[in-house]
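Remarks on the structure that follows.
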Amino acid sequence: MFFFSPGYLLFVFLPILVLSLAARGWVQSTYARYSKVPNSTGQTGAQVAQRILTGSGLSHVQINIIDGDLTDNYDPRTKTLNLSRGVATSTSVAAEAVAAHEIGHAQQDAQGYFAMQWRSGLVPVANLGSQAAPLIVVAGLILSWLSGGATFGIAIAELGLALFAMVVLFNLVTTPVELNASHRALGLLAENGAILPEEQAGARQMLRAAAFTYWVALIASILTLLYYASLVFGNRRNN
Ligand SMILES: [Zn+2]
């Protein structure tokens with residue numbers, strides 16, 4: 001009942017849908033474009049990654065090849081750089097940009113970059129929040145409605161709201177961590193001779209498109225939080 005109100009469709013659902021589609025389209029089109037541009041070293045994503053890891057005092061990081069498209073990640077628990085097969089085996093500018101971004105995370109980890117530690121700490125509560133918080137908010141509102149506006153239901157809805165605020169906090173911390181990893185990526189590529197100045201614009205484009213997806217996630221979570229808050233506090237005012 002709450003999710004199909006015109007206000008929700010107009011101010012939350014539609015903006016999030018449009019931004020998400022735009023972000024996905026941008027990432028996919030820049031990736032497609034720069035995966036056709038060969039990098040100057042002729043090395044694959046995995047070779048470039050090994051070169052940067054060795055050159056940056058991160059030799060303890062192991063490279064793994066994983067399945068999937070753009071599933072690349074750095075796992076701080078196991079100190080592994082997980083490169084998707086496409087990135088690991090491609091000799092493109094796109095592949096080296098993705099690999100270098102993930103090494104940016106490995107460097108953050110090695111240097112004890114505080115925002116990354118915060119982010120890791122927030123992962124479990126943010127996962128719980130994104131899955132359970134909407135249900136808790138709605139359950140609390142239904143309970144309040146069924147009981148003729150009893151504060152108990154509203155208290156439950158507020159608990160759900162607080163839990164969803166953790167998702168926003170997680171995205172607030174994630175965005176600078178990602179921007180910082182991309183900033184490091186360009187530096188790491190240049191310092192290790194893995195990129196020529198004329199290739200840098202392409203790598204930067206790739207990383208910029210990827211960063212936009214994190215901004216979208218942040219905006220989406222803020223809009224959703226505001227919407228839940230308007231439901232909960234609007235409901236409280238009516239009673
Ligand atoms: Zn990242």
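Structural remarks
- Hey, LEU146 aliphatic (A, V, I, L, M) and free of Cβ contacts under 8 Å to residues at least 40 places away in the same chain or not: yes
- Matching option when the condition is crowded, with 19+ Cβ neighbours inside 10 Å, acidic (Asp, Glu) and closer than 22 Å to TYR228 by Cα, among GLU178, GLU158: GLU158
- The one condition from (1) touching a residue at least 60 places away in the same chain (Cβ under 8 Å); (2) more than 16 Å from the ligand (Cβ to nearest atom); (3) touching a Phe, Trp or Tyr at 6+ places or on another chain (Cβ under 8 Å) that GLY140 does not meet is (3).
- Residue list for the stretch 109-143, restricted to those being buried (at least 18 other Cβ atoms within 10 Å of the Cβ) and of a type in the set (Phe, Trp, Tyr): TYR113
- Tally, over the stretch 151-176, of residues that are of a type in the set (Ser, Thr, Tyr) and within 21 Å of the chain's Cα centre (by Cα): 2
- Test: residue in the stretch 154-175 that is more than 30 Å from ASN73 (Cα to Cα), in contact (Cβ under 8 Å) with a residue 24 or more places away in the chain and either of a type in the set (Val, Ile, Thr) or in contact with a strand residue (DSSP E or B) (Cβ under 6 Å, 6 or more places away or on another chain) (or both): yes
- Strands (runs of 3 or more DSSP E) lying entirely in the stretch 1-108 (those with 2 or more residues that are of a type in the set (A, V, I, L, M, F, W, C) and surrounded by fewer than 16 Cβ atoms within 10 Å (Cβ to Cβ)): 62-66
- Pick from the stretch 67-116, criterion within 15 Å of the ligand (Cβ to nearest atom) and without any contact (Cβ under 8 Å) to a residue 24 or more places away in the chain, ranking: nearest to the chain's Cα centre (by Cα): THR71
- Test result for LEU179, within 15 Å of the ligand (Cβ to nearest atom), under 15 Å from the mean Cα position of the chain (by Cα) and of a type in the set (A, V, I, L, M, F, W, C): yes
- Taken over the stretch 185-205, residues that are surrounded by 16 or more Cβ atoms within 10 Å (Cβ to Cβ), at pLDDT below 90 and part of a helix (DSSP H, G or I) amount to 1.
- Scanning the stretch 21-40 for residues that are closer than 30 Å to TYR228 by Cβ and in contact with a helix residue (DSSP H, G or I) (Cβ under 6 Å, 6 or more places away or on another chain) returns ALA23, TRP26, VAL27.
- Selection within the stretch 182-218: residues that are farther than 13 Å from GLU96 by Cβ and aliphatic (A, V, I, L, M). The member of this set that is nearest to the ligand (Cβ to nearest atom) is ALA210.
- All conditions but one from (1) part of a helix (DSSP H, G or I); (2) farther than 24 Å from VAL137 by Cβ; (3) at pLDDT below 95 apply to ARG236; the one that does not is (2).
The values are calculated or read from the model by the stated rules, or taken from the named source; none is laboratory data. Keep in mind it's a predicted model, so treat the numbers as computed, not measured. Methodologically, a virtual Cβ is constructed for each residue, glycine included, from the backbone with ideal geometry; neighbour enumeration extends over all protein chains shown.
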